[in-house]
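Shown next, in structure tokens, is the structure this report addresses.
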Amino acid sequence: MPENMPEITLLLVDDHPVVRNGLRGMFEAAPGFTVLGEAPDGVRAVELATELEPDVILMDLRMPGGGGLDAITELTRRGIRSKVLVLTTWDTDTDTLPAIEAGATGYLLKDAPQEELFNAVRQAAEGRTVLSPAVASRLVTAVRNPAPAPLAARERQVLELVAKGTSNRDIARELFISEATVKTHLSHVFTKLGVTDRAAAVAKGYDQGILGRD
């Protein structure tokens, strides 16, 4: 490490002691890093981040007693200066996108090589966005193919009745609206689900979990 480069301080957040010990050993053996503390969950992470003000927080996501996403959200709300670098085994859309939106600076998977992790921490400390290739690909896909708008409550009611085989006339009678309004709602449902007919709308509704919920 160049002499003029300041050491990067870290907070390690993971519910597995073995993982925390491994990360601590890895960073303490490398020049340029100082581990200030460890936390087993998101709640403790927020407390320690507020107290210690580390440069970078290595944050797991799914932890009993307080998940990483809630912690990231709270750190952002409090205006904590620490950069959050997510380090997890999960790379699904339900994990990556919310974490980035909540304020994480980067997102890496735990199978990342050691040197890649070191470089990611350095970049995160500088405020640069760091993403594993798999996560970067998912984000690009999400931007190019944004999720459809959710159905409004009335639109979902109409779709549920369509799924039961109810005609437009009977839907209008049951919901106390006109048939023209039913057709308008159906048109919106078709557009949001990317379909062109009632059968396809019902199939898509079940596929996306819109139908079949309690």
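The values are calculated or read from the model by the stated rules, or taken from the named source; none is laboratory data. Not measured: the values here are computed from a predicted model. We place every Cβ from the backbone using ideal geometry, glycine too, and count neighbours over all the protein chains shown.
Residues in the stretch 125-162 that are small (Gly, Ala, Ser) and at pLDDT 95 or above: ALA125 alone.
Please work out if THR184 is in a helix (DSSP H, G or I) and either under 30 Å from LEU11 (Cβ atoms) or out of contact with any Leu (no Cβ under 9 Å at 6 or more places or on another chain) (or both). In short, yes. In the set (1) out of contact with any helix residue (DSSP H, G or I) (no Cβ under 9 Å at 6 or more places or on another chain); (2) modelled with pLDDT under 85, the condition left unmet by ASP93 is number (1).
Considering only residues that are acidic (Asp, Glu), more than 26 Å from THR73 (Cβ to Cβ) and part of a loop (DSSP other than H, G, I, E, B), look in the stretch 1-43 and name the one that is modelled with the highest pLDDT.
To start, the set of residues in the stretch 1-43 that are acidic (Asp, Glu) comprises 3, 7, 14-15, 28, 38, 41.
If we keep only those that are more than 26 Å from THR73 (Cβ to Cβ) as well, we get 3, 7, 28.
Remaining after also requiring part of a loop (DSSP other than H, G, I, E, B): 3, 7.
Numbers: GLU3: 54, GLU7: 93.
The qualifying residue modelled with the highest pLDDT is GLU7.
Every test in (1) closer than 24 Å to THR94 by Cβ; (2) without any contact (Cβ under 8 Å) to a residue 12 or more places away in the chain; (3) part of a loop (DSSP other than H, G, I, E, B) is passed by THR196 save one, and that test is (1).
What do you reckon, is THR50 under 30 Å from GLN208 (Cα atoms) and either out of contact with any Lys or Arg (no Cβ under 6 Å at 6 or more places or on another chain) or surrounded by 20 or more Cβ atoms within 10 Å (Cβ to Cβ) (or both)?
Numbers: under 30 Å from GLN208 (Cα atoms): no; either out of contact with any Lys or Arg (no Cβ under 6 Å at 6 or more places or on another chain) or surrounded by 20 or more Cβ atoms within 10 Å (Cβ to Cβ) (or both): yes.
No, not satisfied.
Close Cβ contacts (under 6 Å, 6 or more residues apart or on different chains) running from residues in the stretch 44-56 that are part of a helix (DSSP H, G or I) to residues that are among the polar types (S, T, N, Q) comprise ALA49/SER82.
Quick check, is LEU139 outside the structural domain of MET59 (by TED's automatic domain parsing) and in contact (Cβ under 8 Å) with a residue 40 or more places away in the chain? No, not satisfied.
If you go through the stretch 13-43 and pick out every residue that is loosely packed, with under 14 Cβ neighbours inside 10 Å and within 15 Å of SER82 (Cα to Cα), you end up with 1.
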